[in-house]
Amino acid sequence: MSLSINEINERLIEAGRLIYRPIYVYGSDVAPKGAVQVSSILQAGHRCLAKAMFKQSAHDGIPPLFLGEDVLKGCCYGAQSWLGFINFPTSMEDMLVGRSDDEALFLKSSPEVCRLSLQNIGRITPPADYIVTSAAADISGKADVLSVVCFGSAEQVRNLCALVHFDETRIFNPIMAPWGSHCSLFVAYPSGMAANAPKNTAFLGPNAPDGNSWFPENIMALSMPIEMARRICEKYGASFAVRAPEMTYPRTREPV
């Protein structure tokens, strides 16, 4: 029998020795019972879905979050495009290139580079009326989980990346570090919402500095489709993480 979400969750935490909770993504045609909007979690500062997800990961008491076309109020301007509820507007290009007086990010070198970059993502399609992010303990058995994002230190994420490679013959592309918003790397790419995001691939990030004011400087994220997470967790017991723990999690370290 394949591993349940709770079993996957336990093994991801054990394999990475994670302090932060893995956060899972699924679609729903109704708002899940007890779920709240981003604005309920982030009442000050930048109201980014990815920021709310990290807070959800860091604090046990935060319930599932849901976002939909009719519940975008209180969430950041970019999420509605990066998660597929609307097409990328020209104002998004202006912001990314730095032509906007409101919020110049200077993340792309020219309007043409920006436009082609956004086109290369492909169409982004939400999986249902609502996108839901949740810790494993708050997911009902009926939810069709699409992906998971894990937050951790450099060593923790390195070990999870090594576990992705453990049963892989592909050398270069099981893990990628693509360009995009925080929420695209945490949600849209690993969940399969972005048409051109490669399948059976984990994503390392975030790879944009616009969240540096809130995303901890010593933390990275690794997101992946749920079937990849299930596969690496099934192979976990035979891996270095269990059979060579003194290498994977050294208690003493050589000074350099």
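Could you check the range 1-60 and list, in sequence order, the residues that are acidic (Asp, Glu) and touching a helix residue (DSSP H, G or I) at 6+ places or on another chain (Cβ under 9 Å)?
Passing the criteria: GLU7, GLU10, GLU14, ASP60.
Please work out if GLY192 is open to solvent by less than 10 Å² (accessible area, probe 1.4 Å) and assigned to a loop (DSSP other than H, G, I, E, B).
So GLY192 does not fit the description; no.
Tell me the residue from GLU217, GLU168 that is among the charged types (D, E, K, R) and open to solvent by 60 Å² or more (accessible area, probe 1.4 Å), please.
Within the list GLU217, GLU168, the selection yields GLU217.
Name the residue, out of ARG21, ARG11, ARG47, ARG17, that is basic (Lys, Arg), open to solvent by 20 Å² or more (accessible area, probe 1.4 Å) and free of Cβ contacts under 8 Å to residues at least 40 places away in the same chain.
Numbers: ARG21 fails: free of Cβ contacts under 8 Å to residues at least 40 places away in the same chain; ARG11 fails: free of Cβ contacts under 8 Å to residues at least 40 places away in the same chain; ARG17 fails: free of Cβ contacts under 8 Å to residues at least 40 places away in the same chain.
Exactly one of ARG21, ARG11, ARG47, ARG17 is basic (Lys, Arg), open to solvent by 20 Å² or more (accessible area, probe 1.4 Å) and free of Cβ contacts under 8 Å to residues at least 40 places away in the same chain, namely ARG47.
Restricting the search to the range 176-189, which residues are open to solvent by less than 30 Å² (accessible area, probe 1.4 Å) and outside any loop (DSSP other than H, G, I, E, B)?
Of everything in the range 176-189, those that are open to solvent by less than 30 Å² (accessible area, probe 1.4 Å) and outside any loop (DSSP other than H, G, I, E, B) turn out to be HIS182, CYS183, SER184, LEU185, PHE186, VAL187, ALA188.
Taking CYS233 and the conditions (1) open to solvent by 20 Å² or more (accessible area, probe 1.4 Å); (2) in contact with an Asp or Glu (Cβ under 8 Å, 6 or more places away or on another chain), which numbered condition does it fall short on, given that it satisfies the others?
(1)
Mind checking which pairs have a first residue in the range 77-99 that is free of Cβ contacts under 8 Å to residues at least 40 places away in the same chain and a second that is among the hydroxyl-bearing types (Ser, Thr, Tyr) and open to solvent by less than 20 Å² (accessible area, probe 1.4 Å), Cβ under 6 Å, 6 or more apart or different chains?
PHE88/SER81; MET92/SER81
What number of residues within the range 113-138 satisfy the criterion of being assigned to a loop (DSSP other than H, G, I, E, B) and either touching a Lys or Arg at 6+ places or on another chain (Cβ under 7 Å) or among the hydroxyl-bearing types (Ser, Thr, Tyr) (or both)? Before the answer, list the steps.
Residues of the range 113-138 that are assigned to a loop (DSSP other than H, G, I, E, B), as a first pass: 122-123, 125-129.
When the remaining residues are screened for being either touching a Lys or Arg at 6+ places or on another chain (Cβ under 7 Å) or among the hydroxyl-bearing types (Ser, Thr, Tyr) (or both), the result is 125.
Counting residues in the range 113-138 that are assigned to a loop (DSSP other than H, G, I, E, B) and either touching a Lys or Arg at 6+ places or on another chain (Cβ under 7 Å) or among the hydroxyl-bearing types (Ser, Thr, Tyr) (or both) gives 1.
Can you pull out the residues in the range 140-169 that are modelled with pLDDT of 95 or more, part of a loop (DSSP other than H, G, I, E, B) and either over 23 Å from PRO206 (Cα atoms) or in contact with a Lys or Arg (Cβ under 8 Å, 6 or more places away or on another chain) (or both)?
Across the range 140-169, the qualifying residues are ASP144, ASP167, GLU168, THR169.
Scan ASP129, ASP101 and give me the residue that is farther than 20 Å from VAL187 by Cβ and not polar (S, T, N, Q).
ASP101
Any idea how many residues of the range 76-112 are of a type in the set (S, T, N, Q) and part of a loop (DSSP other than H, G, I, E, B)?
4
The values are calculated or read from the model by the stated rules, or taken from the named source; none is laboratory data. Treat the numbers as computed from the prediction; the structure is a model and nothing was measured. Here Cβ is always computed from backbone atoms with ideal geometry, including for glycine, and neighbour counts include all displayed protein chains. All accessible areas refer to the heavy atoms of the entire protein, side chains included, with ligands and DNA or RNA removed. Shrake-Rupley method; radii C 1.70, N 1.55, O 1.52, S 1.80 Å.
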